[in-house]
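The values are calculated or read from the model by the stated rules, or taken from the named source; none is laboratory data. Note that the structure is a prediction, hence the values are computed from the model and not measured. Here the Cβ is made from the backbone with ideal geometry for all residues, glycine too, and neighbour counts use every protein chain on show. Keep in mind that these areas ignore ligands, DNA and RNA; they rest on the heavy atoms of the full protein, side chains included. Shrake-Rupley method; radii C 1.70, N 1.55, O 1.52, S 1.80 Å.
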Amino acid sequence: MTVHSGESFYVHPEANVSVFSDLNNSGSIGSYNQSVINFLGERWNNMSGSRILDESVGGLSGFGGIIRFSGTAFPQSINTLTSVQSNTGFPNITLANSLNLILQGNDLLVRKSFYFEKGKVILNSRNTIMQNGANISGFDNNKYFVTGTASSGGSLIRKTSGSQNAQIIFPLGSSVGSYTPASITYTGIAQDL
């Protein structure tokens with residue numbers, strides 16, 4: 001499936017749409033609150049100038065729908081070919097692929113939530129950046145972010161306002177078989193952790 005530059009593809013509230021091929025987004029994909037895009041292709045490509053919007057007026061401040069990576073025959077990948085900005089981030093991701101999700105291209109930005117149903121995210125020397133207030137759930141010793149063992153491996157970055165009272169959880173491990181999560185309680189200036 002291809003969304004060309006200047007074109008839009010929107011999934012409205014409570015709609016459930018499945019994409020069975022690779023996806024090339026050079027335009028705008030809109031995923032409204034309570035909608036689901038089931039992605040069953042191998043590669044999701046966010047090309048230069050692409051946007052993934054939510055239901056808000058500007059397309060970035062609403063809750064947005066869920067983009068569910070749910071392939072069963074192969075690992076899936078997100079290939080981001082543009083710099084990380086809030087207009088290229090995903091509103092909500094659910095990972096439901098036991099063969100994992102691999103990051104390619106540039107960093108992955110998640111605006112609202114990341115839910116682990118099955119599988120791991122292989123950072124592949126990229127970063128996953130969770131916007132301020134974004135939630136990560138469903139993780140355990142079989143479902144987490146894999147950073148890699150090199151000193152220049154990928155990172156899980158949590159943006160903060162500095163006024164959090166709850167623990168900030170980092171569900172990660174250095175390899176597929178090494179779950180070593182961390183959590184901190186942070187109060188201070190707004191920054192990336």
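For GLY30, the residues 5 or more places off, or on other chains, whose built amide H falls under 5 Å of its own are PHE9, TYR10, VAL11, LEU53.
With a simple spin-label model that places each label point 7 Å from the Cα along the Cα-to-Cβ direction, the separation between TYR10 and ILE189 comes to 4.1 nm.
Taking a straight line from the alpha carbon of LYS120, these lysines sit under 17 Å away, with near neighbours fewer than eight places off in the same chain left out: LYS143.
Relative contact order (percent) for the chain, with alpha-carbon contacts under 8 angstrom and 6 or more residues of separation? Worked out over the chain, it gives 12 percent.
Per atom type, the range 53-193 shows carbon and sulfur on 50% of its accessible surface, probed at 1.4 Å. LEU81 contributes about 80 Å² of solvent-accessible surface, heavy atoms of the protein only, 1.4 Å probe.
Available extension along the chain between VAL19 and LEU99 is 27.0 nm, counting 0.36 nm per residue and deducting the alpha carbon span.
Protection proxy ranking of 4-17, 112-125, 140-153, by the mean of other Cβ atoms within 10 Å over each peptide's residues and highest first, is 112-125, 140-153, 4-17. Once you order the gyration tensor axes a ≥ b ≥ c over the Cα atoms, which shape class does the range 39-104 get: rounded for a/c under 1.5, otherwise prolate or oblate by comparing a/b with b/c? The shape class here is oblate. Computed with a 1.4 Å probe over protein heavy atoms only, the accessible area of GLU55 comes to about 70 Å². Taking the DSSP beta bridges with both ends in the chain, the antiparallel portion is around 10 percent. Set the Förster distance to 22 Å, then compute FRET efficiency between ASN132 and SER48 from the Cβ-Cβ distance, nearest 0.05. The formula returns an efficiency of 0.30 here.
Using a 1.4 angstrom probe, figure out how much accessible area the chain has per residue, in square angstrom, rounded to the nearest whole.
I get 44 Å² per residue for the chain.
Extension gain for ALA150 to THR2 (0.36 nm times residue separation, less C-alpha to C-alpha distance): 49.8 nm.
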